[in-house]
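Here is the structure we will look at.
The values are calculated or read from the model by the stated rules, or taken from the named source; none is laboratory data. Since this is a predicted model, take the numbers as computed values, not measurements. Here the Cβ positions follow ideal geometry from the backbone for every residue, glycine too, while neighbour counts run over all protein chains shown. Protein only, heavy atoms only, side chains kept; ligands, DNA and RNA dropped before computing areas. Shrake-Rupley method; radii C 1.70, N 1.55, O 1.52, S 1.80 Å.
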Amino acid sequence: STPSWWMDGPQHDCILVSTGGNTIKGMSIAQVMLLFSYADRNATYPCVLVHWFLPLGDAPDLDTGMWIVEPEFVDETPLLQVIHLDTIHRLVHLLPICGSHFVPPGLHFSQTLDMFKSYYVSKHADHNAFDILFNSI
C-alpha cells in the first residue's frame with residue numbers, strides 16, 4: 001500500500017489472508033489500506049489495515065470458473081480491520097465485473113476497487129494462487 005505509486009495515485013494491493021472458517025478454502029480476500037507497526041513492551045508488531053471482501057456463493061462462478069467477491073460494508077461504511085502481517089498468505093488479482101456497462105472514460109487504475117460492486121478473483125494471474133483457490137474444489 002502506498003499513497004503515490006510512481007507519483008500517479010495510490011496503490012492498494014489485494015491479498016489472500018489465512019483466516020480459516022467459512023471462507024474460500026480457508027482464505028479471505030482483503031484490500032491493503034495501510035501498512036504500519038507499533039511497539040508495546042519491547043516488542044514490535046507489524047500490522048495491516050485491510051478492507052474485507054466477501055465471496056458471493058460457496059463455489060466459483062459456473063460461467064467463468066472464478067470466485068466472485070464484493071467489498072464488505074456495514075451501513076455503507078467499509079468494514080476495516082487491523083490484522084497481523086504474518087496472516088497474509090500472498091497477493092491476489094481482482095478483475096472488475098462490468099456487466100453490460102461500459103467502463104467510464106478516464107477511469108484511473110487507482111479508482112478501480114472503488115468503482116465496481118463485484119470482482120472476479122483471477123485464476124490466470126498467478127499459478128500459486130490458482131493452486132490455492134481453484135484446485136480440489
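At-a-glance table
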item: Val50 being among the aliphatic types (A, V, I, L, M) and at pLDDT below 90; result: no
item: Of the criteria (1) part of a loop (DSSP other than H, G, I, E, B); (2) open to solvent by less than 50 Å² (accessible area, probe 1.4 Å); (3) not small (Gly, Ala, Ser), which one Leu113 fails; result: (1)
item: Hits in the stretch 84-110 (condition: in contact (Cβ under 8 Å) with a residue 60 or more places away in the chain and not aromatic (Phe, Trp, Tyr)); result: Thr87, Ile88, His89, Arg90, Leu91, Val92, His93, Leu94, His108, Ser110
item: Residue list for the stretch 35-93, restricted to those being open to solvent by 40 Å² or more (accessible area, probe 1.4 Å), of a type in the set (Val, Ile, Thr) and outside any loop (DSSP other than H, G, I, E, B); result: Thr44, Val74, Thr77, Val82, Thr87, Ile88
item: Matching residues in the stretch 11-22 - criterion: being surrounded by 12 or more Cβ atoms within 10 Å (Cβ to Cβ) and over 17 Å from His93 (Cα atoms); result: Thr19
